[in-house]
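Quick notes on the structure that follows.
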Ligand SMILES: *Cc1c(COP(=O)(O)O)cnc(C)c1O
């Protein structure tokens, strides 16, 4: 008799976005003439920039000629892309070997799949509130989870405390709170991990939104990190690749657990269970690193960052305390009048015709908070910010 993985029965139902959709639908039926502004968008909206498109077209043409046709690619990703990634790290003074870089179809898959090479006996330290993928993927395989509180007292940046854990999840800049760790704070995590022989999973999906030179873009800026950290990067938010699908994971050769190289294990896993990202996609990703590609992608990032600033300033003007907004596409704030997240969601929908994302959907510490996203169009963001001033 076939048996299921019963851990899946322990997963919470992923109500958040479905419930938002249902509430919005109901509102639209009741108020067909009211226009809603969506500040709940968790996806990029600006199209792929020209430099990347050009590369896509050229590589498609290569596929149509015998001389340049490509079949299966190298397991770790094409060297032309991994070289560019390596060079990009080098610009920030970080030395990464190209065999430490694994190109993939995005950070979400890698963050989930990385658990394959670890024992089920590990306990995982996960911040609350958080990107739900961290907790759900651990529940799916039955790992023990310890939550660490991210709240106003610690500016949504929890520090290591006596709770030892084997696998530690850090997302900076953070989704949903927009909070970002300083080098000093990350150093504390790296020292803690090295001391306890733990591994840090560092999710740097929003690294390109950092505005301040002194804030770390990568965990590998921190001394000692190569013996305790794996970094996940994605072109999704930095180059609009949420639909194209490409990212990469860095597993340093110095990561040795129980005398085994994690780089070797991940290489084996990646080569066996994954057949690579398409040549076309990797050529598109390569174009991100050209001078023109960098300029064009940065322009889109700046557009979102300006949106975030507009939202943040409108909250400031009504003296509402908020987090994020400057180094992340998210603004995170406490609901007014001590309202619960869903209560305030309804209030915003009905009175200001704005859609937000209830903080409670990201964990218990998200209750009574709301997330606004800056991925929308400027005209709507401006309209929303005027409305927010009436809060
Ligand atoms: C969007 C996002 C990612 C990126 O995932 P992809 O699979 O690369 O699209 C990773 N982590 C967080 C926290 C995100 O919000």
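The values are calculated or read from the model by the stated rules, or taken from the named source; none is laboratory data. None of these values were measured; they are calculated from a predicted model. Every residue, glycine as well, gets a Cβ built from its backbone with ideal geometry; the counts of neighbours run over all protein chains shown.
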| Answer residue from the range 328-367, given it is out of contact with any helix residue (DSSP H, G or I) (no Cβ under 8 Å at 6 or more places or on another chain) and either surrounded by fewer than 20 Cβ atoms within 10 Å (Cβ to Cβ) or assigned by TED's automatic domain parsing to the domain that holds residue 215 (or both) and is farthest from residue 151 (Cα to Cα) among those | 351
| What number of residues in the range 95-116 are more than 14 Å from the ligand (Cβ to nearest atom), farther than 20 Å from residue 285 by Cα and either buried (at least 18 other Cβ atoms within 10 Å of the Cβ) or outside the structural domain of residue 247 (by TED's automatic domain parsing) (or both)? | 1
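How many residues are in a loop (DSSP other than H, G, I, E, B) and either more than 13 Å from the ligand (Cβ to nearest atom) or outside the structural domain of residue 146 (by TED's automatic domain parsing) (or both) if we restrict to the range 168-182?
Within the range 168-182, the first condition is being in a loop (DSSP other than H, G, I, E, B), and the residues that meet it are 172-182.
Next, only the ones that are either more than 13 Å from the ligand (Cβ to nearest atom) or outside the structural domain of residue 146 (by TED's automatic domain parsing) (or both) stay: 181-182.
Within the range 168-182, residues that are in a loop (DSSP other than H, G, I, E, B) and either more than 13 Å from the ligand (Cβ to nearest atom) or outside the structural domain of residue 146 (by TED's automatic domain parsing) (or both) number 2.
Within the range 224-260, restricting attention to residues that are within 16 Å of the ligand (Cβ to nearest atom) and part of a helix (DSSP H, G or I), which residue is surrounded by the most Cβ atoms within 10 Å (Cβ to Cβ)?
Filtering the range 224-260 down to residues within 16 Å of the ligand (Cβ to nearest atom) leaves 229-250.
Pick out the ones that are also part of a helix (DSSP H, G or I) and you get 236-239.
Values: 236: 21, 237: 25, 238: 21, 239: 28.
Checking each candidate, the answer is 239.
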| query | Of (1) in contact with a strand residue (DSSP E or B) (Cβ under 9 Å, 6 or more places away or on another chain); (2) in the same structural domain as residue 380 (by TED's automatic domain parsing), residue 300 satisfies all except one. Which? | reply | (1)
| Out of all the residues in the range 199-223, which are surrounded by 22 or more Cβ atoms within 10 Å (Cβ to Cβ), without any contact (Cβ under 8 Å) to a residue 40 or more places away in the chain and either outside the structural domain of residue 131 (by TED's automatic domain parsing) or assigned to a loop (DSSP other than H, G, I, E, B) (or both)? | 204, 222
| task | From the list 34, 23, pick out the single residue that is under 26 Å from residue 386 (Cα atoms), part of a loop (DSSP other than H, G, I, E, B) and either touching a helix residue (DSSP H, G or I) at 6+ places or on another chain (Cβ under 7 Å) or at pLDDT below 95 (or both). | result | 34
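Here are some residues: 83, 153. Which one is more than 15 Å from the ligand (Cβ to nearest atom), under 23 Å from residue 240 (Cβ atoms) and assigned to a helix (DSSP H, G or I)?
Details: 153 fails: under 23 Å from residue 240 (Cβ atoms).
Going through 83, 153 in turn, the sole match is 83.
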